[in-house]
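Computed from the coordinates by the stated procedures, all read-outs in this text should not be read as laboratory data. The structure displayed is predicted, hence computed values, not measured ones. Counting neighbours? That spans all protein chains shown, and the Cβs are built from the backbone with ideal geometry, glycine included.
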Amino acid sequence: MTDQQISLEVVYGTPEKQALLEVVVEQGATVEQAILASGIVKRFPDINLEVLKVGIWNRTCKLTDLPKKGDRIEIYRPLIADPKEARRRRAEKAKDEGRANKITGGRVKTPASPSESKP
């Protein structure tokens, strides 16, 4: 590695298989160039950089951004379920099962046992 090169990590994962690859690129290479240089697209043919989002250290970025030495470039898969909708369904289920207050949505208070009450 020369002074004009930087070392990066490129990561991607599916439920079945994950990969963390180290790649050395020229300083000034874009995120997209680093991903392609890593060879991760060959390992995971389902990666479509035009559709999937990417990030550096858990912060989304553009394919044209310039990573710094030691950065970890992450390729994100689309979400299977909308987190807000999943939370809404769990809250409704808790209300139906009596674990949550039907009006406020807060937890249902259970009566104190006789041993816990004050004399």
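Things to note:
- Listed pairs Lys17/Lys62; Lys53/Lys84; Lys42/Lys84; Lys62/Lys84; Lys42/Lys62; Lys17/Lys93 exceeding 27 Å between Cα atoms: Lys42/Lys84; Lys17/Lys93
- 3J(HN,Hα) along the range 8-20: 10, 10, 10, 10, 7, x, 10, x, 8, 8, 10, 9, 10 Hz, from the Karplus curve 6.51 cos²θ - 1.76 cosθ + 1.60 with θ = phi - 60°, whole Hz, x for Gly and Pro.
- Length released on extending from Lys42 to Asn101, taking residue separation times 0.36 nm less the Cα-Cα span: 16.1 nm
- Applying 1/(1 + (r/R0)^6) with r as the Cβ-Cβ distance of Lys68 and Lys93 and R0 = 30 angstrom yields a FRET efficiency of 0.10.
- Taking Cβ atoms as reference points and 15 Å as the exclusive limit, the residues near Gln27 contribute a net charge of -2, counting Lys and Arg as +1 and Asp and Glu as -1.
- Backbone amide hydrogens, once placed in the peptide plane, bring Cys61 within less than 5 Å of Val54, Gly55, Ile56, excluding anything fewer than 5 places away on its chain.
- Simple spin-label estimate for Tyr76 and Ser7 in nanometres, 7 Å along Cα-Cβ: 2.8
- Label point 7 Å beyond Cα of Thr14 along Cβ direction - residues of the range 70-102 with amide nitrogen under 18 Å: 75-81
- Equivalent ellipsoid dimensions for the range 23-71 as semi-axes, Å, which come from the Cα gyration tensor, largest first: 17, 14, 9
- Highest to lowest packing among 9-18, 69-78, scored as the average C-beta count within 10 Å: 69-78, 9-18
- Taking amide hydrogens as placed 1.01 Å from N in the peptide plane, the amide H of Asn101 sits under 5 Å from those of Gly106, Arg107, Val108, each at least 5 positions away in sequence or on another chain.
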